[in-house]
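The values are calculated or read from the model by the stated rules, or taken from the named source; none is laboratory data. Given the structure is predicted, the values throughout are model-derived calculations rather than measurements. So basically every Cβ, Gly included, is an ideal-geometry build from the backbone, and we count neighbours across all protein chains shown.
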Amino acid sequence: MLSFLKNIRSRRLEQQLDTLQQQGPAAWAQLPENELFTPAGFQPQQAEATASSNYSYWGSTFRAFFKNRLAVALLIALIAVVAFAFLQPCLPGQKDPNLCAVDPVTGIQYRNIAPGQDGFVWGSNSIGQDLWARIWAGARTSLTIAFFVAVVEAVVGITAGVLWGYVRGLDFLFTELYNIFDNIPTAIVLILISYVATPSIWTMILGMSIKGWIEMARFIRNQILIIRDRDYNVASRCIGTPTFRIVVRNLLPYLVSVIMLRMALTIPEAIGNEVFITYIGLGLSVETPSLGNLVNDGRKVMMQAGLRYQLLYPTLILSFVTIAFYLIGNAFSDAADPKNHLQ
Amino acid sequence: MEQNDRILSVQDLHVKFDLRGRVLHAIRGVDLELYRGEVLAIVGESGSGKSVFTKSFMGLLDANGSITGGTMDYYPTPGGEPVRLSCLKGEKDWLRIRGREIAMVMQDPMTSLNPLKTIGEQIMEAVCLHQGLKGAAAREKTLEYLRDVGIRDPEQRFRQYPHEFSGGMRQRVVIAIALACSPRILICDEPTTALDVTIQAQILQLLKEMRQKYHLTIVMITHDLGVVANIADRVAVMYAGDIVEIGTADEIYYDPRHPYTWALLSSMPQMGVKGQDLFNILGTPPNLFAEIRGDAFAPRNPQALKIDFVKRPPYFSVTPTHKAKTWLLDPRAPQVEPPAAVKLLRKEASVHDRTR
Amino acid sequence: MTGPAEKEVLLEVKDLNITYGTGRRAYDAVQQANFVIYKGETFGLVGESGSGKTTIGRAILRILPTSGGEILYKGQKINGRISRALDKQLTKEIQMIFQDPQSSLNERAKVSYIVGEGLQNVRPDLSPAQREEKVRQALLDVGLLPEFASRFPHEFSGGQRQRIGIARALIVEPEFIVADEPISALDMSIRAQVLNLLRHLQKERGITYLFIAHDLSVMRYISDRIAVIHRGRILELADAEELVTHPLHPYTRSLLSAIPMPDPRRERQKTLLVYDPAIHDYSVETPQWRQLRPRHWVLCSGSEAAQWLNQEERS
């Protein structure tokens, strides 16, 4: 939208320049030969006027992104899925995910009902819970965890990374910290946290962010090292700009696209971690449905042909979300690279 | 230089770029004949199209650029069959020309060299690829090239990496790689702009020697008229995608006719008088997205005539080797005096003539 | 511009040493540099890459630390640790123009922010409207149109970008500007524009310049006095015309012979002088800073002094 408006503006400017140029010369085209060879009179302003360029960084980034049809399609689908996950409870006729539904007529639990029967859109699991409701609830949980992990990692990671990269004295401290953190496997941290505190959404978020921020910090630090001593930052130091403003106005704007890429990749990673932890039995309890729980339950009945749907649907949602975030993140990162802004 | 001594012939070349939905007309109808064994300098500001022009000889235009009109013919042997460069499409076709027939030396030696390979390996790669030598013979040839370009202790330098060399040395290595391709035409795209003035002079000296030894034809691109006074046989002045004046070095420096050439010569600090303003050209080069009516230089030219804004000037010949695209050379045009600096150079020339 | 009318010393560099790294990997970028810059003049510092000229410039701006010696501005020492008050004063009074117009501007900020950045720091009392007015004026002063303030740097050519950099340095009204190769990255035709601008600004505002470059032809035109620096040592110092017409040190001669003249016949006949540091034998006599001609000093040993003066008389 913005680039479209800018296009209009630059085209109008060019038209103005053209009329300026024409007002003299257009009339002159009609002159007889001997008059044509007389001096034109020099106008310095005409010499200095330049048309404004129609390049805007974000405009070109979005244009490049929208050219990638696959990424756009995935983005739309992803937005639809995420929106639906959070809106689903508000729809009419939705069942409670934790309710073990009982047939009012026979009094028997609706166990392992196949998809489409008895009002269970995606069937029910072994204790009669509606899989459709459970999967969407699980998606909500997993996405919430992943989102918070990404935000915490970003905030803590960027702050730490900027300090690490910009303040030379802190480099040693952070590097040692990084070496310590890097050597502890994420799984161990998560397991420890699960033992210490009862697993809930918040402990999971805590556990995953504790290790995640240091990676973001290192990444940011490397980028800052690259641009830290460029002339424009030295110039800002010369004119007395305080460090905080240099970071916010000179450094971070260059990192926005990189940060967004990393955040986009953090989300599938967090979901994956959550699935893994739940898979090995240390994750959320069954009362809180999550994609990990659902995949785990599905695995248990995987060998029976009729019940495979209990694994299939959660896995589908999980795969779709993971792949979508990953591809969109990469597509956006490519679009944000100024070298791809030529077309 | 006779007609069948030409090595490259360009007729009415047009090159356009697609940029964010708009079309940039970078080269607007250039005619040029390049003769075997000469040094041709192409002089112009940034944005004049000089780099684009030479990149089109080698098929190195960016993906969004293309030749939309005109022809380019390359004559590998005197009087022989030409290769129509403007028709070459695929990489395979261009690989027969690039390096082997036409090689390029670019401006920044640090980014032209692979930082992860020793310079010996990089030169040997060219030797093996283009001269078919292997092993010890290739190594010997590489050392010979290193000696040729003036690098002392070539055996030791062979094993060193680019970052261990100074800027001037690196540019010598780049020239050695270009020579190792044994090309017929060597294009130097602002090879000395990133170097100090002393190193600049030495590199130009080196290019002159290499031209002699390897029978090269050199095309030298620069924005600095001072740099090529030493080395050029002919000079072409480029502005807004067109060659506005071309002639032998003597003709261009001592008898320039186009107002842009006058402006370029006068604005050099060497021509400045202390305490007075330097002659300078006001404004910026024109917008090549828009269609340009008349002479592209007219808005910045204090001596422009009305017809400069109406119709594009054709070439007017001053001598058989010197022509310029300016209406000032038309017999109907008034007499215009060139700026003081140009007249000074003319006077110096006649002094030279008398003292010889 | 003739020699300085007032002999008031604005900046003095005394026995300055700047060393990078420590221990075995120590590299002496600048050794025992001594010179004085008078108020209102343009002092040229010429040398090749790696000679230490940029290092001196950055040390004056306090971007780089020094390892020995003093830099005195208006009599006060400005290298090493200084008080906050002095720091504030210096930020306003000493500024820098950078070499590369492509990397010296913040691409993601508007020109109005870039040019007004210094004002935000040294004049926090100004309201945004007042600042905007000063930015417009600064752009006009350097020959740009005021409406450029709302554009981004990438919309401008190299020469215009360099002028934006100059506006940025000028807006805080400095008395001393270090111009670090301000025209080396520009086209020939644009260099003239920028040089003229710098001269006009000096005439109007009485700014003192330290002009750093590797090209003597530019120096000759714009500087009042020139110092030649090679591998961290200042070799020769004289008035501009004097240095160019009577060069004494062989390095200066080689720099002069390398200047390209737009005169093909003269160029073809020219022999290029190449400087070889090995021609000096300082094992017996250490070189001293000697005045060999009026207002013309050279770093040389006694025997060299006699030899070079002789050579100069004869040529």
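What about C:Pro182, is it of a type outside the set (Phe, Trp, Tyr), in contact with a Leu (Cβ under 8 Å, 6 or more places away or on another chain), within 30 Å of A:Gly59 (Cα to Cα) and not in a helix (DSSP H, G or I)? So C:Pro182 fails the test.
How many of the residues in the range C:144-166 are polar (S, T, N, Q) and part of a loop (DSSP other than H, G, I, E, B)?
From the range C:144-166, those polar (S, T, N, Q) are C:150, C:157, C:160, C:162; that's our starting set.
Next cut, part of a loop (DSSP other than H, G, I, E, B) only: C:157.
Qualifying residue count, the range C:144-166: 1.
As for the range A:172-184, it holds no residue that is touching a helix residue (DSSP H, G or I) at 6+ places or on another chain (Cβ under 6 Å) and among the β-branched types (Val, Ile, Thr).
Considering each residue of the range A:281-309, count those that are part of a loop (DSSP other than H, G, I, E, B) and in contact (Cβ under 8 Å) with a residue 60 or more places away in the chain, and give that number.
Taking the range A:281-309 first, the residues part of a loop (DSSP other than H, G, I, E, B) are A:281-290, A:301-304, A:308.
Remaining after also requiring in contact (Cβ under 8 Å) with a residue 60 or more places away in the chain: A:282-285, A:287-290, A:301.
Within the range A:281-309, residues that are part of a loop (DSSP other than H, G, I, E, B) and in contact (Cβ under 8 Å) with a residue 60 or more places away in the chain number 9.
Considering only residues that are more than 14 Å from every other protein chain (Cβ to nearest Cβ) and either assigned to a helix (DSSP H, G or I) or modelled with pLDDT of 90 or more (or both), look in the range A:61-75 and name the one that is surrounded by the fewest Cβ atoms within 10 Å (Cβ to Cβ). Don't jump to the end; show me each part of the working.
At the first step, the residues of the range A:61-75 found to be more than 14 Å from every other protein chain (Cβ to nearest Cβ) are A:65, A:68-75.
Next, from what is left, pick out any that are either assigned to a helix (DSSP H, G or I) or modelled with pLDDT of 90 or more (or both): A:65, A:69-75.
Working: A:Phe65: 19, A:Arg69: 8, A:Leu70: 10, A:Ala71: 20, A:Val72: 14, A:Ala73: 12, A:Leu74: 19, A:Leu75: 19.
Here the answer is A:Arg69.
Kindly state which strands (runs of 3 or more DSSP E) lie completely within the range B:1-111 and contain at least 2 residues that are basic (Lys, Arg) and not assigned by TED's automatic domain parsing to the domain that holds B:Phe289. Spell out the reasoning first.
Values: elements: B:6-19, B:22-35, B:39-43, B:65-74, B:102-105.
Where strands (runs of 3 or more DSSP E) fall fully within the range B:1-111 and carry at least 2 residues being basic (Lys, Arg) and not assigned by TED's automatic domain parsing to the domain that holds B:Phe289, they are B:6-19, B:22-35.
Of the residues making up the range B:63-90, those that are charged (D, E, K, R) and at pLDDT below 85 are B:Glu81, B:Lys89.
Go through the residues of the range C:289-300 one by one and say whether even a single one is closer than 28 Å to C:Val36 by Cβ and within 13 Å of chain B (Cβ to nearest Cβ). First the steps, then the outcome.
Filtering the range C:289-300 down to residues closer than 28 Å to C:Val36 by Cβ leaves C:289-300.
Filter once more, so that each one left must be within 13 Å of chain B (Cβ to nearest Cβ): none.
Checked the range C:289-300: no residue is closer than 28 Å to C:Val36 by Cβ and within 13 Å of chain B (Cβ to nearest Cβ).
Residue-wise test of (1) hydrophobic (A, V, I, L, M, F, W, C); (2) closer than 26 Å to C:Ser184 by Cβ; (3) touching a residue at least 24 places away in the same chain (Cβ under 8 Å); (4) in the same structural domain as C:Ser254 (by TED's automatic domain parsing).
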{"position": "C:Thr54", "(1), (2), (3), (4)": "no, yes, yes, no"}
{"position": "C:Ala59", "(1), (2), (3), (4)": "yes, yes, yes, no"}
{"position": "C:Lys74", "(1), (2), (3), (4)": "no, no, yes, no"}
{"position": "C:Lys88", "(1), (2), (3), (4)": "no, no, yes, no"}
{"position": "C:Lys92", "(1), (2), (3), (4)": "no, no, yes, no"}
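Restricting the search to the range A:193-215, which residues are part of a loop (DSSP other than H, G, I, E, B) and buried (at least 18 other Cβ atoms within 10 Å of the Cβ)?
Going residue by residue through the range A:193-215, those that are part of a loop (DSSP other than H, G, I, E, B) are A:197-200.
Listed by number, the list holds a single entry, A:Pro199.
Please work out which residue is surrounded by the fewest Cβ atoms within 10 Å (Cβ to Cβ), limiting yourself to the range B:306-332 and to residues that are of a type in the set (A, V, I, L, M) and modelled with pLDDT under 85. Talk me through it step by step, then tell me what you get.
Residues of the range B:306-332 of a type in the set (A, V, I, L, M): B:307, B:310, B:318, B:324, B:328-329.
Filter once more, so that each one left must be modelled with pLDDT under 85: B:307, B:310.
On the way: B:Ile307: 26, B:Val310: 22.
Here the residue is B:Val310.
Among the conditions (1) away from chain C (no Cβ under 14 Å); (2) at pLDDT below 75, the only one that A:Ala85 does not satisfy is (2).
Of all residues in the range B:171-208, those that are within 24 Å of C:Glu48 (Cα to Cα), charged (D, E, K, R), more than 10 Å from chain C (Cβ to nearest Cβ) and in contact with an Asp or Glu (Cβ under 9 Å, 6 or more places away or on another chain) total 1. Taken over the range C:91-116, the residue count meeting the criterion of being more than 19 Å from C:Arg58 (Cβ to Cβ) and either in contact with a Cys (Cβ under 6 Å, 6 or more places away or on another chain) or in a helix (DSSP H, G or I) (or both) is 6. Determine whether the range B:153-166 contains at least one residue that is touching a Pro at 6+ places or on another chain (Cβ under 6 Å), at pLDDT below 90 and assigned to a loop (DSSP other than H, G, I, E, B). The answer is no; no qualifying residue exists. Return yes when C:Arg62 is within 13 Å of chain A (Cβ to nearest Cβ), under 24 Å from C:Gly206 (Cβ atoms), surrounded by fewer than 21 Cβ atoms within 10 Å (Cβ to Cβ) and within 18 Å of the chain's Cα centre (by Cα) and no when it is not. The answer is yes for C:Arg62.
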